[in-house]
Amino acid sequence: MTETAHQDSDGGGGRLPPFLKRLDPAVLTAFACIVLLLLVGSLYSRNFLSVEYLLQQLKVASFLGVIATGMMLVVLIGQIDLSVPWVVTTGAMMASFASSFGPAGIVLGIPFGIFCGVLLGLLNGFGVAYLRIPSMIITLATNAVAQGLMVVYSGGFSPKDTASAPMRYLATGFLVPGLPNAVIMWIVIGVLAVFLLTRTTFGRAVYGIGNRERAAYLSGINTRRIVMTTFAISGALAATGGILLAGYASKAAQSMGDAYLLPSIAAVVLGGTSILGGRGTYLGTVAGVILITLLQSILSVMQMPEAGRQIIYGLVIVGMMLLYGRERLVR
Amino acid sequence: MKEWRFWLAEQRGTLMAVAIFVVMFAVYVLNHPAIQSNGFSVTALSNISQTAANKGVLLAFVAMAQTLVVLTAGIDLSVGMTFTLTNCLASWIVVGDPLQTALGVVGVLGVGLLCGAINGAIVIFGRLQPIVTTIATGAIYFGVALLLRPFPGGSVNNDLADLLTGKVFDLFPASLIVLAVVVLLVWVPFSRSVSGRAAYAVGSSEIAAYMSGVPVRRAKFLAYTLSGLLASIGGLFLTFFTYTGEAALASGNTYTLFSIAAVVLGGVSLFGGRGSAIGAIFGAFAFRTIGDLLFVFNLDPLWQPLFQGVVLMIAVSLGAFGLFRVRNRLEWFG
């Protein structure tokens, strides 16, 4: 669909290998900025280009990456998921909670956490697809409900249950020597997402709905089911991100998800996905996630105070979007 | 159709918000401990309304700010951060003798206008999506707020603060009067001006508005700028209530999210072009009363967030009843 339009539009580089020709300018700009950031970072500290440091960054990025994958799917259908903060927390808390019930709980803890995320996602999806409530509102309400449930569960404090051994292994272990498991999780989820988006009818339907839901419906796509499924996947991925985070920090915390809402949206749009839906590639989202993680890391290496970090963070988003995210002029 | 029926159809969302608020507030007052134990009296009612009004106007100002942008079919996710930024600024400059205080207030409002104008300029001339723009500018405003107040503190002119948060003639909450004045000075002129009507037109269909020669850019720019102004009035009031400035990320985000909730409860369509700031004000009051209701029914405060969430979810789901009127399934897709 729109992807093909892109192939035609950047025709200039006829000699380029096919995979480069398919990249859109937004993704290229994002990757160029990553290289630039790495160069700037290496001026400040020699460790910046070391393998350990880069792997550490990838590990930190993988939490955001998993969450941003779900956000990207939702953005592709032209909606937005503002329930990320408390779905992340719910996944983490419920997985830890289930793990406190002996061996069976430890086995079922992770699936249970993801299941809770799916339920919240289905609630979002049902509201958007069947009740036709704007996603910005229903996901906000779901966020409030999830927060309410978790406050009742935890009594307003950080819960006592700690992350189970499998959760810690998933976030901090090394299945392949040298490569953190969290990164492997992100790679697996990323490959699945790419497969889903480019090789299945579901993926085609997602792009179709994002371009024009009415047209997709008239082409015989069950748009409501697709929209609901997409939100369920987003919920599942947010909960998975929460479980990884809990494993990393060895326990769930009240506001652990708050720091992931805006970065996940920013990562998706910096990667060239249109916030109006229907256009964007997963590679772009990967670039966006790495870009944001590196930016945050460099600013902390430079010992920039929080205030300066926020300002630069905002300026970078505006600046990059002005470079390639502008809409066409209404004329 | 008679004239009043047109008016009724136009104001349906606003009237619904007023009705929801009146019912909830009546239940709240009738079950309030002060009324339950001592019987109904004007003093008790005035005390209850003062507390409720002081909590409510903060959200009401931010919700009004959100309304202006939502009317043009945009969204302002930086509104809570403008609110926080102006709160921090006010805790520095709204002090001293009357002249200095007055200059300080002007400065705070000016910064609010500037924040709104930056949003508007990026959205209109940069042609970025409002949601992305305001996420980014929100981060910038919060950064500036942190620069101003790395730690909570500061002070404010106490006389002015007590005057504006107290009661007039020992009866009527002063904050409500300020709210009414702001409505009369900002919202009424805006909604009746050419730019205001243009903002509604842009919200309904930007392309149609453009084709009809409506001043699209001016309307949007004015809406964003005034939105910043209203958020800064909210920030100013927060300073009057707390006597300090604090750059708290959670509080800014909460106000942004609550403002969207209040706007929806107030009958403003998120698709733009429908609703009014008056509705949003009552939506904000209603949203605040939900929290207070729990208090008078002696429910565990732990259940308050859940209760608030469930009420919000039910309230937004009510709009789905409109689906029963759909004759053609293509109308699902708006």
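Brief remarks follow.
- Computed over region B:1-141: relative contact order in percent, which uses C-alpha pairs under 8 Å that are six or more apart: 20 percent
- Relative contact order of chain B, pairs being alpha-carbon contacts under 8 Å that are 6 or more residues apart, as %: 34 percent
- Our coupling estimate for region B:146-154, obtained by passing each phi through the Karplus curve with A = 6.51, B = -1.76, C = 1.60 and θ = phi - 60°, is 5, 4, 5, 9, x, 10, x, x, x Hz, Gly and Pro reported as x.
- In order along region B:101-113, phi translates into HN-Hα couplings of 4, 4, 4, x, 4, 4, x, 4, 5, x, 5, x, 4 Hz, rounded to whole numbers, per the Karplus curve 6.51 cos²θ - 1.76 cosθ + 1.60 with θ = phi - 60° and x for Gly and Pro.
- Test item: A:99-109 mean partner chain Cβ contacts at 10 Å: 0
- Placing unit charges on each Cβ (+1 for Lys and Arg, -1 for Asp and Glu) gives chain B a dipole about its Cα centre, and among B:G126, B:A262, B:V183 the Cα reaching farthest toward its positive end belongs to B:G126.
- Packing-based ranking, highest mean first, of B:15-28, A:212-225, A:91-104 given that Cβ atoms within 10 Å are counted: A:91-104, B:15-28, A:212-225
- Shielding of peptide A:119-131 by partners, expressed as the average count of other chain Cβ atoms within 10 Å per residue Cβ, is 1.
- Distance from the Cα centroid of region B:95-164 to that of region A:260-281 is 28 Å (rounded to whole angstrom).
- Note on B:F333, B:F169, B:F83: ascending count of other Cβ atoms within 10 Å places them as B:F169, B:F333, B:F83, the fewest first.
- Kyte-Doolittle mean at least 1.0 and Cα axial length at least 24 Å: DSSP H helices in chain A: A:25-44, A:51-76, A:102-129, A:135-154, A:181-199, A:223-249, A:282-301, A:306-324
- Test item: A:135-143 mean partner chain Cβ contacts at 10 Å: 6
- Reported to the nearest whole Å, the Cα centre-to-centre distance from region B:8-60 to region A:171-226 is 48.
- Among the lysines of the protein assembly as shown, pairs at least eight places apart or on separate chains and with Cα atoms under 29 Å apart come to 4.
- Length-normalised contact order of region B:174-286 in % [C-alpha pairs under 8 Å, at least 6 apart]: 23 percent
- Ordered by the number of other Cβ atoms lying within 10 Å of each residue's own Cβ, fewest first, B:V268, B:V216, A:V51 fall into the sequence A:V51, B:V216, B:V268.
Here, each number is a calculation from the coordinates, and none is a lab measurement. Note that this is a predicted model, so its numbers are computed, not measured. Using ideal geometry, Cβ is built from the backbone for each residue, glycine included, and neighbour counts are taken over all protein chains shown.
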